[in-house]
Amino acid sequence: MVIIAGVDRAGGTDAIVTEGMHLAEAFDEELHVVHAMTQSEFIDLERTSVENDGNAIDMDRIREIASAIAAERTEAADVDDSRVRTVGLVGDPASELLRYAREVDARYVVVGGRERSPVGKAVFGSVTQEVILNTDRPVVTVMDV
């Protein structure tokens, strides 16, 4: 089993990685820091590549780029990287995170949430909400990332 920390490109996701590492250490598991590249990110990369050199980017290269984003978030968290594997996925972030959690039989999934209402009520982001509602895995939510 592994612990999964789902991260995006936004700053502040190092708290997700840090919490994932705490769980990985507590359960003596490996931490997989996962970034799923959205369709719009993919299209932007594809367009840039075609404009620059006329060649489309293959899916393996897109996954490498997504993995590099996960690696950046891991470095920002300054955790023991001997327990960390970075993973790049392509597609809808919630769906890909859920699929990956099933594939690796994740013990926990760690995601971020944001406070969004004017009165201070915590409302999860759409990816976090979809993960919570559609998985049979325990989900740890790190707020205000």
Would you check which residues across the range 19-36 are farther than 15 Å from V139 by Cβ, among the aliphatic types (A, V, I, L, M) and out of contact with any Pro (no Cβ under 7 Å at 6 or more places or on another chain) and list them?
-> M21, A24, A26, L31, V33
For the range 4-47, what are the residues that are at pLDDT 90 or above and not aliphatic (A, V, I, L, M)?
-> G6, T18, E19, G20, H22, E25, F27, D28, E29, E30, H32, H35
Flagged pairs (Cβ under 7 angstrom, 6 or more apart or on separate chains; first in the range 103-118, more than 13 Å from V7 (Cα to Cα); second at pLDDT 95 or above and open to solvent by 70 Å² or more (accessible area, probe 1.4 Å)) are R107/F27
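The values are calculated or read from the model by the stated rules, or taken from the named source; none is laboratory data. Here the structure is a predicted model, which is why all the values come from computation and not from measurement. Glycine also receives a Cβ, built like all others from the backbone with ideal geometry; neighbour counts cover every protein chain displayed. Remember, those area values only see protein heavy atoms, side chains included, never the ligands or the DNA or RNA. Shrake-Rupley method; radii C 1.70, N 1.55, O 1.52, S 1.80 Å.
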